[in-house]
Amino acid sequence: MKKISSLILVLFFLLSCAQQYYLKSSLNNISIGNSKQQLLALFPGQGRVIDGGAPPLQIRSAKKHNGKLIEIGELLMSDGVSAAVPHWFLFEDGELVQWGQPQDWKEVKARYEINYNPPVGVTY
């Protein structure tokens, strides 16, 4: 009985530490000009984690710029071996304009005057 209790505790610990992410290979299925709905359709239920899927696209910033709605969505992505890292998706009026890792976005930040407090450890 003690072994079973220990095994349950270890399994619970591992599940609580599991990182939820999407596979970077999914990025091969997106294109500039995709609608936000098309992008969202590519990711639900595809997250890789023991307890059942990664979180959906999270909108991290939204504002009007030159009359257009600018939104930045974030997904955690991994190759399945390395730690998951955030990837950002920039939409103009619901259409995908650019995507990549936050540290690659200095030009985007300047062009759209984006003010955003990223999660701890993420710099851009």
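The values are calculated or read from the model by the stated rules, or taken from the named source; none is laboratory data. What you see is a predicted model; the values in this text were computed from it and never measured. Quick reminder, even Gly has a Cβ in these numbers, built from the backbone with ideal geometry, and neighbours come from all protein chains shown.
Counting the residues of segment 63-111 that are closer than 17 Å to residue 23 by Cα, in contact (Cβ under 8 Å) with a residue 60 or more places away in the chain and buried (at least 18 other Cβ atoms within 10 Å of the Cβ) gives 3. Under the condition of being modelled with pLDDT under 65 and surrounded by 10 or more Cβ atoms within 10 Å (Cβ to Cβ), the residues counted in segment 14-37 number 4.
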